[in-house]
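Below: the structure, in structure tokens.
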Amino acid sequence: MKKVLYSNFKEGGLPGERLSHQENMKQKRHFNHFFQEELEQRGELSIAGVALIGRIDRWNGGKNGRKLIDARNPKEMDLIKSIGQIGPVEMDALEVGYDKKGQLELRGWHDHGCHKMTVYLLTEDELEGYVPDFSTNGYYSTDELEMIQLDFEPLNVKDCLAFKKYYGEPSLMKSKQLKTKFELGR
């Protein structure tokens with residue numbers, strides 16, 4: 001992960017040193033306010049769903065993981081809580097940030113590995129077209145979310161309208177800064 005926007009561990013602290021409850025809640029609120037404002041600023045698009053799609057590590061191996069959140073329900077719009085509740089285990093550590101391309105990324109660690117998810121935003125029409133049963137009964141299949149992953153680009157901080165207000169200018173690597181293995185091996 002290139003840049004961390006939220007973590008429940010102290011930066012520069014002792015290994016494994018967690019933030020105090022007060023500081024953790026402050027960082028979590030800051031990130032959630034950013035994300036909520038981002039959804040509101042995209043108002044004309046009427047974002048109806050947020051898909052978390054990525055990899056889940058478990059004791060018996062890793063697999064693809066997916067979760068769909070109703071963006072129209074403010075009680076569900078806590079991405080940090082959502083990454084902590086993917087799968088049957090509780091996360092020991094949580095982190096939200098973006099990678100070198102700018103894709104928003106959520107990570108959760110537990111004793112069996114790491115969950116790593118990217119965020120996809122869906123409008124009313126897209127949600128209805130890809131996941132028709134979600135609006136009426138909350139049902140979605142892994143196949144439907146796999147189609148979202150194939151057809152959509154993950155949320156990128158470069159495209160976020162509220163990002164600069166909350167976190168400043170995103171620092172991304174330019175393509176000329178990326179080195180190939182061949183160049184590194186010289």
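The values are calculated or read from the model by the stated rules, or taken from the named source; none is laboratory data. Remember, it's a predicted structure, so these values are computed and weren't measured experimentally. Cβ placement follows ideal geometry from the backbone for every residue including glycine, while neighbour counts extend to all protein chains displayed. Heavy atoms of the whole protein, side chains included, go into the accessibility calculation; ligands, DNA and RNA do not. Shrake-Rupley method; radii C 1.70, N 1.55, O 1.52, S 1.80 Å.
Hey, can you tell me all the residues within the stretch 144-159 that are assigned to a helix (DSSP H, G or I) and either open to solvent by 70 Å² or more (accessible area, probe 1.4 Å) or farther than 23 Å from residue 37 by Cβ (or both)? Reasoning before the result, please.
Here is the first cut: in the stretch 144-159, the residues assigned to a helix (DSSP H, G or I) are 144-151, 157-159.
144, 145, 146, 147, 148, 149, 150, 151, 158, 159, listed by residue number.
If residue 106 passes every condition in (1) over 25 Å from residue 167 (Cα atoms); (2) of a type outside the set (Ser, Thr, Tyr); (3) at pLDDT 85 or above but one, which one does it miss?
(1)
Of everything in the stretch 29-60 that's at pLDDT below 90 and among the basic types (Lys, Arg), which residue is surrounded by the most Cβ atoms within 10 Å (Cβ to Cβ)?
The selected residue is 42.
Which of the residues spanning the stretch 97-111 are buried (at least 17 other Cβ atoms within 10 Å of the Cβ) and part of a strand (DSSP E or B)?
Going residue by residue through the stretch 97-111, those that are buried (at least 17 other Cβ atoms within 10 Å of the Cβ) are 97-99, 102-108, 110.
Of everything in the stretch 97-111, those that are buried (at least 17 other Cβ atoms within 10 Å of the Cβ) and part of a strand (DSSP E or B) turn out to be 97, 98, 103, 104, 105, 106, 107, 108, 110.
Each row is one residue, and each column tells you yes or no for (1) surrounded by 13 or more Cβ atoms within 10 Å (Cβ to Cβ); (2) at pLDDT 80 or above; (3) within 16 Å of the chain's Cα centre (by Cα).
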site: 113; (1), (2), (3): yes, no, no
site: 122; (1), (2), (3): yes, yes, yes
site: 130; (1), (2), (3): yes, yes, no
site: 139; (1), (2), (3): no, yes, no
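Would you mind finding the one in 117, 173 that is at pLDDT below 90 and either part of a helix (DSSP H, G or I) or under 18 Å from residue 35 (Cβ atoms) (or both)? Please lay out each step first, then the result.
Working: 173 fails: either part of a helix (DSSP H, G or I) or under 18 Å from residue 35 (Cβ atoms) (or both).
None of the other options fit; the residue is 117.
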